[in-house]
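Computed from the coordinates by the stated procedures, all read-outs in this text should not be read as laboratory data. Everything quoted here is computed from the prediction, not taken from an experiment. Reconstructed Cβ throughout: ideal geometry from the backbone, glycine too, with neighbour counts over all protein chains shown.
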Amino acid sequence: MKYLVIFLLVFIGLDAVAQTTGGGEVYQFMTLPNTARVTALGGSLITVKDDDGALAFQNPAVLNDAMSNQISFSQSFYLADINYGSASVTRKLGKLNYVAGVQYINYGDFQMTDETGFVTGQFDAQETAFLAGAGYQYSETLSFGATTKFINSRFETYESYGIAADLGALYADTSKGFSIGFVVKNVGQQLSSYTPDNEEVLPFDVQLGISKQLRYLPFRYTFTFHNLHRWEITYNDPEAESATLLFGEEPVETSEFAAFADNLARHMTFSGEFLLGRKQNLRLRFAYDHLRRRELLVDNTIGTMGFSLGFGLKINRFRIDYGRGNYHLAGGNSHLTFSTNLSEFKSKKKIIK
C-alpha cells in the first residue's frame, strides 16, 4: 500500500498551492455526495467505518472486511432536471479490501442555436468518473487507503479527460466509539483540456473529520472540516457594500471576530445519525452545512438552506437509504440508494442445503 501511495503522489503531483476553490475548477460533479446517506449527512462522511462500501468514495481508508461483496446503486434527482448517480462494488482479496465504481452526471439535452436565436439542433452534456482503489488495515486502530479516478467530461463537441486520486487515513477506536479521518481529495490534473492550451485545475480539497458514538445513546455525531488548504473561503459580494436593509437603514459593519467566526464555521459541517435497533436496521440522519447556508440564503428569508436529513432502512438483505439536501428556495436534492451484500445470499443458500 505504501508503494501505491508514493506512486500516486509522484505520478500526479501534490501541489495544493496551485489549486483553487469556489467554482474555478473542472469536474465539479466529483464533489457531489455519491449516496443518499452522504447527502443526508451534509455531503461528506470520512470517519465512519461500517458495512457501507460506498463510503470508500468519501475516504478509501474506511474500506474493511465487513464491506466485502457489497454492491450499491444510487440515483439523485437534482435541480433543473439534472440527474446524477453512482454504483460501487467492494471485495476483500488477501490483506487488502478493494473498491471499484462509477460516478456520473447527465445535464440533459440543450437546444443549439445560431447568433439570431434560430434553432439548429440539439446537444447533450455529461461527465463520468471511473474509480478503483484499495484500503489496508495497518494496525488495530489505523488504516490507509487510496483510489484513482479516470474522468471524462463532454459538453457538446468540447471534451476533456483527466486523472485524479484520493488519499486517506483513518484512526478508529471501536471500544470508545471514536474515530478521526483525514483525506486529500482530487489530487490530479487534466490529461486533455476542452480547448488547446487552456488546462484547468481539479476540485482539490483537504478534509478532516471527527466522529463520536455515545455510550448510552444510539447516536453518533460528526464534525467534518473541509477546505483546510485554504483559510479564507468567505465570498466577498461587492453589491453588499452598497446595499441597504429592508427599511432603508444602512447595514451594520461586521466585527473582526464575527467575520472570523463566520469564516471558521464555513469550513465545518455538523451531522448526526441515530442507529436504532439491535442490528441498526433503522437509521435517522440530519446535518447542517454553514457554508451552503451562507452562500445560498436569500436576503430577508429564513428557509432551510444548508440543512439536510434522511433515513436508512434495512429490510431482509436489502438496505434502502433516502437523503434530502436543501440548497435554495428554488429546490433541493433528493437522493435514493439501494445496496445489498452478496455474501448474505450465499449464506442463505448454505442454510437451505
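L228: net charge of surrounding residues, Cβ under 15 Å, Lys/Arg +1, Asp/Glu -1, itself excluded?
0
For F73 and N316, calculate 0.36 nm times their separation in residues minus their Cα-Cα distance, and state this gained length in nm to one decimal.
Separation in residues times 0.36 nm, less the Cα-Cα distance, equals 85.8 nm.
Show me 82-90, 45-53 ranked by packing, highest mean number of other Cβ atoms within 10 Å first.
Those peptides, ordered most packed to least, come out 45-53, 82-90.
Assign unit charges at the C-beta atoms only (+1 for Lys and Arg, -1 for Asp and Glu), then state the dipole size of the chain relative to its Cα centre in Debye, rounded to the nearest 20.
Around 3360 debye, computed over the chain.
When N is the residue count of region 68-182, what does its C-alpha Rg come to as a fraction of 2.2 N^0.38 Å?
Its radius of gyration relative to the 2.2 N^0.38 Å reference: 1.49.
Given the rule -39500 (n - 2.57) for each run of at least 4 DSSP H residues, summed and divided by the residues of the chain, what is its mean residue ellipticity at 222 nm, to the nearest 500 deg cm²/dmol?
-3500 deg cm²/dmol
Sorted from largest down, what three extents in whole angstroms do the Cα atoms of the chain have along their principal axes?
74, 50, 39
Sorting check: for 274-285, 289-300, which peptide has the highest mean count of neighbouring beta carbons within 10 Å, and how do the rest follow?
Highest-to-lowest ranking by the protection proxy: 289-300, 274-285.
Given R₀ = 35 Å, FRET efficiency for W231-Y158 by Cβ-Cβ distance, to 0.05?
0.55
Using R₀ = 51 Å, calculate the FRET efficiency as 1/(1 + (r/R₀)^6) where r is the Cβ-Cβ separation of L93 and E256; round to 0.05.
It comes to 0.40.
Just the number, please: Stokes-Einstein D of region 114-210 in µm²/s, Kirkwood Rh from C-alpha pairs, 10 °C, 1.306 mPa s.
97 µm²/s
Given Cα positions, please report Rg to Rh for region 10-149, the hydrodynamic radius being the Kirkwood one.
That ratio is 1.07, to two decimals.
Treat each spin label as a single point 7 Å out from the Cα along the C-beta direction, and report the Y104 to F150 distance in nm.
Roughly 1.6 nm, to one decimal.
If you take the beta carbon distance between Q122 and S334 as r and set R0 to 22 Å, what does 1/(1 + (r/R0)^6) give as a FRET efficiency, to the nearest 0.05?
The calculated FRET efficiency here is 0.25.
Rg and Dmax of region 275-329, Cα atoms, in Å?
14.9, 47
By how many nm would the segment from L264 to D197 lengthen if fully extended, with 0.36 nm per residue of separation less the alpha-carbon distance?
Going from the current span to full extension adds 20.5 nm.
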